[in-house]
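S.K.: Below you will find the structure I want to go over with you.
The values are calculated or read from the model by the stated rules, or taken from the named source; none is laboratory data. Note that the structure is a prediction, hence the values are computed from the model and not measured. Cβ: placed from backbone, ideal geometry, glycine included. Neighbour counts: every protein chain shown.
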Amino acid sequence: MPDSSADHKRSGILSDQPSDLVGGSGWLAIWAVLREALLRLWDDEALPLAGNIAFRAVLAMFPFLIFVSSLTAFIGDPSMANRLIEFLIQIVPAPLVDTLIEEVRAVLAVRRGGVASIGVLLTIWFAVGGVDSVRVGLNRAYDIKEHRPTLAIFALQVVVVIGGALVFVVVAYLLVMGSLVGTAAHRLLSGFQPALLTLDLVRYPSAAAILTSALFAAHIFLPARRTRFSSLWPGVLFTVLVWMGLAAAFSLYLARFANYASYYAGLAGLIAALYFLYLSALVLIFGGEINRVIRIRRLARAFAVSQSG
């Protein structure tokens, strides 16, 4: 297998050891994929792009929560919206909740008009900005040129925002049903605690399921080219696992080492959230880069087989 600089550049591989990526197996192949993905992460200028995603995510966070709360109260009732808010606070990573929880509660406590009001329409507009930044990041990771009309992209992003909000409305209904089931189980089994069914038992699996579903939806619909499921799951699985580990590590860091208040005073919570979202954006882009490298490996191996045949 040739590994000269000219050959591996013609093949689209950035690593100076392309034979490990194309012909390697086991741990050697895994390391070669990760190394190539890291090189592409740098080559695609993911560091500033992740900063853009984090900034726009903060801008979109509160508008999206406002829209979810308004839509839940409109379809269901205010108590259902409050239950959903408490559930989201339970499953959202501590780096975001612990630093911004008071601001979240203050924003969501304000009563607003229906889902068709001008204010809520503006929240959709800001939330769309967060979706757009993820679209740009995934297009960059998959090396895809955007060819869709601007209006089509905007319509897709609005559908993503409204669809995501409707998913949380369904979660709110499931929480109500879970509470009813828990109460019924408590009547049959006196030792059973109904609260376990709605929070302690389901919050971590629910967080993983919601995150995994959102990532698959993002990788499928936001890039300008459709990709097979078999080519998506490695990067999505990597993102979920690393993101959960990142949330735990960042929580520990904030609790034991970080002292943002001494540097940023009242902005400490916002800065901590920005740091976490910045690292999360890097992980998101890196997951796309992994899928791209795996696709390159498959194509290179198929080409090598065809040439040898």
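S.K.: Free of Cβ contacts under 8 Å to residues at least 40 places away in the same chain, of a type in the set (D, E, K, R) and over 23 Å from residue 135 (Cβ atoms): which single residue out of 43, 16 fits that description?
M.R.: Within the list 43, 16, the selection yields 16.
S.K.: When you check residue 89 against the structure, is it part of a helix (DSSP H, G or I), surrounded by fewer than 21 Cβ atoms within 10 Å (Cβ to Cβ) and modelled with pLDDT under 70, yes or no?
M.R.: Numbers: part of a helix (DSSP H, G or I): yes; surrounded by fewer than 21 Cβ atoms within 10 Å (Cβ to Cβ): yes; modelled with pLDDT under 70: yes.
So residue 89 fits the description; yes.
S.K.: What number of residues in region 7-41 are more than 16 Å from residue 287 (Cβ to Cβ) and either of a type in the set (A, V, I, L, M, F, W, C) or not in a helix (DSSP H, G or I) (or both)?
M.R.: Adding up the residues that qualify gives 16.
S.K.: If you scan region 216-232, which residues turn out to be surrounded by 11 or more Cβ atoms within 10 Å (Cβ to Cβ) and either without any contact (Cβ under 8 Å) to a residue 12 or more places away in the chain or under 17 Å from the mean Cα position of the chain (by Cα) (or both)?
M.R.: Residues satisfying the conditions are 216, 217, 218, 219, 220, 221, 222, 223, 232.
S.K.: Here's another thing I want to ask about it. It is to be established whether one or more residues within region 297-305 are in contact with a Ser or Thr (Cβ under 7 Å, 6 or more places away or on another chain), at pLDDT 85 or above, part of a helix (DSSP H, G or I) and buried (at least 17 other Cβ atoms within 10 Å of the Cβ).
M.R.: no
S.K.: Hey, another quick one. Under the condition of being part of a helix (DSSP H, G or I) and of a type in the set (D, E, K, R), which residue from region 132-147 is surrounded by the fewest Cβ atoms within 10 Å (Cβ to Cβ)? First the steps, then the outcome.
M.R.: Initial filter on region 132-147 (part of a helix (DSSP H, G or I)): 132-141.
Keeping just the survivors that are of a type in the set (D, E, K, R) gives 132, 135, 140.
Details: 132: 19, 135: 21, 140: 21.
Applying the filter and picking the extreme gives 132.
For (1) modelled with pLDDT of 75 or more; (2) under 22 Å from the mean Cα position of the chain (by Cα); (3) among the small types (Gly, Ala, Ser), each residue gets a yes or a no:
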{"position": "32", "(1), (2), (3)": "yes, no, yes"}
{"position": "58", "(1), (2), (3)": "yes, yes, no"}
{"position": "78", "(1), (2), (3)": "no, no, no"}
{"position": "85", "(1), (2), (3)": "no, yes, no"}
{"position": "99", "(1), (2), (3)": "no, yes, no"}
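S.K.: Among (1) at pLDDT 85 or above; (2) loosely packed, with under 15 Cβ neighbours inside 10 Å; (3) within 17 Å of the chain's Cα centre (by Cα), which single condition is residue 150 missing?
M.R.: For residue 150, the failing item is (3).
S.K.: Further question on the same structure: Kindly establish whether residue 239 is assigned to a helix (DSSP H, G or I), surrounded by 14 or more Cβ atoms within 10 Å (Cβ to Cβ), modelled with pLDDT under 90 and polar (S, T, N, Q).
M.R.: no
S.K.: Cβ-Cβ distance below 6 Å, separation of 6 or more or different chains: which pairs start in region 285-309 with a residue that is touching a residue at least 24 places away in the same chain (Cβ under 8 Å) and end on one that is of a type in the set (Asp, Glu) and assigned to a helix (DSSP H, G or I)?
M.R.: 293/36
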